[in-house]
1. For residues that are acidic (D, E) and farther than 21 Å from T171 by Cβ, scanning just the range 187-222, find the one that is nearest to the chain's Cα centre (by Cα).
2. Would you pick out the residues in the range 152-208 that are of a type in the set (V, I, T), assigned to a helix (DSSP H, G or I) and closer than 19 Å to S134 by Cα?
3. Under the condition of being part of a helix (DSSP H, G or I) and touching a Lys or Arg at 6+ places or on another chain (Cβ under 9 Å), which residue from the range 116-131 is surrounded by the fewest Cβ atoms within 10 Å (Cβ to Cβ)?
4. With the structure loaded, tell me whether T150 is more than 28 Å from the chain's Cα centre (by Cα) and either buried (at least 17 other Cβ atoms within 10 Å of the Cβ) or not assigned by TED's automatic domain parsing to the domain that holds S85 (or both) or whether it fails that test.
5. What are the pairs with Cβ atoms under 8 angstrom where one residue, in the range 185-197, is on the phi > 0 side of the Ramachandran plot and the other, located anywhere, is of a type in the set (G, A, S)? Sequence gap at least six, or different chains.
Amino acid sequence: MRRQVGRRSQNRALAGLFLLSFLILFASGCDKYTRYKVSSFFFTGVPPLEEANRVDTARTQAGGKERKRIRIKKVVKYIHGPKASGECYHCHEASGRKRKKVGIGAPPSLQATMPGKLTESLKKLCIKCHASKSAEAAQIKNLWLHRSTTEGNCTLCHNPHESPFRYMLITEKSTDLCTQCHLKEYLQRIEEHTENRVCISCHNPHIGKNRFLLKKDFNEVF
């Protein structure tokens, strides 16, 4: 009986010694290969070193030590000049209703009244400022006008107030604009259109030397 108690005490002492040595080894800052050898000697089921590295990396990322940088895309907005300056009267009649202030003590808007209906038809309105796109200017230079430009349907392609796209276009790609009127199935039959290029790489959007409005014949200035 005394021998069994002695053996149990001896086993406990040995186990305590091994555990103490194990803790001292890890606390001493030994390299990962030494720690792996010690761990696999004392314990079963220790994962291979490569797997342990993957676990350590995952833990490091989860702990926030390696963070992914998130890039925030800056929102760009193109605003029509009269709207940006608050001079809505260039295009709209004044309704007579006073605009409310933004907050207590805020200065009044540059536009004293709410904008109403257009001062004249859209066909005449846009060419007051964009005179180079008028039928008269095209006739003087013996040039052709795009039909939508001739009819004054500028808002088929442009937003009159603001847009996230350059020239205040209603869509980013010119192909999406052009296929509103020009059938895509018909355009794809033309050899030059099989290259899947954007329309304005070859064509002027408003004015040109002939009905095809090709840039190689006349390059429109914006």
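The values are calculated or read from the model by the stated rules, or taken from the named source; none is laboratory data. Because the structure is a prediction, the values reported are computed rather than measured. All Cβ positions, glycine included, derive from the backbone under ideal geometry; neighbour counts span all protein chains shown.
1. Our first condition is that a residue be acidic (D, E); within the range 187-222, this holds for 191-192, 195, 217, 220.
Remaining after also requiring farther than 21 Å from T171 by Cβ: 191-192, 217.
Numbers: E191: 33, E192: 31, D217: 35 Å.
Among those that are acidic (D, E) and farther than 21 Å from T171 by Cβ, it is E192.
2. Step one: of the range 152-208, the residues of a type in the set (V, I, T) are 155, 170-171, 175, 179, 190, 194, 198, 200, 207.
Narrowing the set further to residues that are assigned to a helix (DSSP H, G or I) leaves 155, 175, 194, 200.
Of everything in the range 152-208, just one residue is of a type in the set (V, I, T), assigned to a helix (DSSP H, G or I) and closer than 19 Å to S134 by Cα, namely T155.
3. Filtering the range 116-131 for residues part of a helix (DSSP H, G or I) gives 122-127, 131.
Then keep just the ones that are touching a Lys or Arg at 6+ places or on another chain (Cβ under 9 Å); that gives 126-127.
On the way: C126: 20, I127: 18.
Going through the qualifying residues, I end up with I127.
4. Working: more than 28 Å from the chain's Cα centre (by Cα): yes; either buried (at least 17 other Cβ atoms within 10 Å of the Cβ) or not assigned by TED's automatic domain parsing to the domain that holds S85 (or both): yes.
So T150 passes the test.
5. none
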